[in-house]
Amino acid sequence: MWKFLLHAALAVVGTIVQISFLSQLPFPFSAISLPIVAIAYGIVRDRPVISAGWALLGGLLLDLHGLLGFGSEMLALFVAFFATRFLFQRVVTNTGTPALFLIAAAAATIRWFTLAALDGVNVLFGGVPVLIDLSATALLAPVRQSLVAGGALLAYIGVGSLLSRRFQKTFLSHAPHAFSRH
Amino acid sequence: MTPVARSRLIILIAAAGGLLFFLHLLGVTTNAEAWMLKKIAGQEAKLAEAGRSLRATMSAPFRINAVLQENDALRSENAALSVEVARLTTVQEENAELEKLLGYTKKLKKTPVIARVLARTPEAGTHTILLDRGTDDGIAPDMPVVASDGVLIGKIFKAERTTSIALLLTDTRSRVGASVQNSARTQGVIQGKRGLSLEMRLIPQNEEITTGDMIITSGIEPMTPRGLLIGRITAVETQEKSPFKTATITTPIALDRLDVVAIPFP
């Protein structure tokens, strides 16, 4: 139970950090979508419940701050989660570096296209377009976001595995002394 | 956890999302959402401030040359403005005298709402800012948003109870009716150019405009008063066979470094 609450708190804090802090930084930090990276991480590490939690809480907070109607971000993150999970289970079934990159990039792309589709529906019903913008900069934005998401996931997993190796080495080198004392 | 239990939990989380959506549609969660936004607004402001500081630190080594050039340009502009201030002070004194003579009384206007910039909104490709004031403070869509000294920087796009989102002038979707401060009061429409600069479009070919001309709001929109400064013309582009010409406008405000803005009431 505590583990779930901890992950929920992490999702809330992470999304707030992205909205307020990361968005102020220059590229590529401003293009990092922490919910997307967390969703992709949960999928490749076989922790889909964490991914779903991020989709729910991250989506909720993004919806409270976003331009599109309430529920759009949540729906887009859930679609990205289910589609990417399907992709990982049926198509890209390994955890090699290109596969990890592809999974995170696919999650970011699917999220963007879902939001664009919802925006299209919004425009059909007479709303003001929020994402649909055919200028070159706007069209490049999802591509940049996908590449950054892939890079961020690789960086996170890379740093994590480096640290875990280091800790493992320290533990093994000290273990015999620890046993010999007792 | 077994795969079946895990799948059930995922479905439960997705259903919670669906439930939240319907509760929002019914208006049940409005107060809770406003409370939540109010609670996190303070932390968001601190984080945004930290982000801006870090951004400034990261970009400092690359900006020294630009700052030196900007300093030179500002010195010469300052000299020209001092002359302008002297002239305007004389005009103002004359105006005050005329007001006394005519028994003119100024209309009472409500004080503008001052809002802090909490963040830039997270959608890719958009140029918007999140403000810590909303409908509770009288903010409504289409209201103008101004920065220091009354320079227009955008308009309110969406207003919630305690927060609102402003679409910056540089956003491709932004449109504002504007006029040139020349004798003909040339009219046009200010539009964002890929989030980088501003363009004034629909300027009739026969109108005379030159670089350096000041651009102000035309007041054609009901919520936006006439006379808010938008920027200066830095280039004029004339195309043959086209009935209109286009001008590139430079705003005096750095739109990516906004901390505090004001929303004047109409």
When each of B:Lys38/B:Lys158; B:Lys155/B:Lys193; B:Lys155/B:Lys245 is checked by Cα-Cα distance, pairs over 20 Å: B:Lys155/B:Lys245
For the protein assembly as shown, what is the Kirkwood estimate of the hydrodynamic radius, computed as the reciprocal of the mean inverse distance between distinct Cα atoms, to one decimal in Å? 24.8
Count, for each residue of B:29-39, the Cβ atoms from other chains sitting within 10 Å of its Cβ, then give me the mean as a whole number. 1
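First check a/c for the range B:1-53, with a ≥ b ≥ c the square roots of the eigenvalues of its C-alpha gyration tensor; if it is under 1.5, answer rounded, and if not, answer prolate when a/b is larger than b/c or oblate otherwise.
The shape class here is oblate.
Which order, highest average first, do A:67-79, A:49-61, B:2-14 follow once you tally other Cβ atoms within 10 Å for each residue and take the mean per peptide? Don't skip to the answer; put the middle values down first.
Numbers: A:67-79: 23.3, A:49-61: 25.5, B:2-14: 13.0.
The packing order, highest mean first, is A:49-61, A:67-79, B:2-14.
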Pick from A:Phe29, A:Phe81, A:Phe125 the residue whose mean-square fluctuation is largest in a GNM of chain A, springs joining Cα atoms under 10 Å. A:Phe125
Taking amide hydrogens as modeled 1.01 Å from N in the peptide plane, which residues meet the under 5 Å criterion relative to B:Arg120, leaving out close sequence neighbours? B:Leu130
May I ask for the angle, rounded to the nearest 10°, between helix A:34-44 and the longest principal axis of chain A, with both axes built from Cα atoms and the value confined to 0 to 90°? 60
Calculate I(q)/I(0) for chain B by the Debye formula, one identical point scatterer on each C-alpha and no solvent, and give its log10 at q = 0.15, 0.17 Å⁻¹ to two decimals. -1.25, -1.43
With everything on Cα atoms, drop me the angle between helix B:3-26 and the longest principal axis of chain B, reported from 0 to 90° to the nearest 10. 50
Chain B: most fluctuating residue of B:Met200, B:Met143, B:Met223 per GNM, C-alpha cutoff 10 Å: B:Met223
Once you place label points 7 Å from the Cα toward the Cβ at B:Glu208 and B:Val91, how far apart are they in nm? 1.9
Take the alpha-carbon centre of the range A:12-77, take the same for the range B:17-81, and report the distance between them in whole Å. 18
Computed from the beta carbon distance with a Förster radius of 51 Å, FRET efficiency for A:Phe27 and B:Phe265 to the nearest 0.05 stands at 0.90
Residues meeting the amide H criterion for B:Met143 (H placed from the backbone, H to H distance under 5 Å, 5 or more places apart or on another chain) are B:Ile156
Leading residue at positive end of dipole, the range A:2-181 (Cβ point charges), from A:Gly120, A:Ala105, A:Ile157: A:Ile157
Karplus couplings for the range B:34-41 from phi (6.51 cos²θ - 1.76 cosθ + 1.60, θ = phi - 60°), rounded to Hz, Gly and Pro as x? 4, 4, 4, 4, 5, 5, 8, 4
³J(HN,Hα), Karplus 6.51/-1.76/1.60, whole Hz, each residue of the range A:82-98, x for Gly, Pro: 5, 5, 5, 5, 4, 4, 6, 7, 10, 10, 9, 9, 10, 10, x, 4, x
Compute the distance in nm between two label points, each set 7 Å from the Cα along the Cα-to-Cβ direction, one at A:Arg90 and one at B:Asp256. 4.2
Provide the descending list of Cα extents for the range A:67-107 along its principal axes, expressed in whole angstroms. 37, 16, 9
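Which FRET efficiency, nearest 0.05, do B:Glu84 and A:Val143 yield, Cβ-Cβ r, R0 56 Å?
Numbers: r = 46 Å, r/R0 = 0.82.
The pair B:Glu84/A:Val143 has a calculated efficiency of 0.75.
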Does the range B:112-266 classify as rounded, prolate or oblate by the C-alpha gyration tensor (a ≥ b ≥ c root eigenvalues; a/c under 1.5 gives rounded; else a/b over b/c gives prolate, otherwise oblate)? prolate
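None of the figures in this text is laboratory data; all of them are computed from the coordinates on show. All figures in this text were calculated on a predicted structure; none of them were measured in a lab. Neighbour counts run over all protein chains shown; Cβ positions are idealised from the backbone, glycine included.
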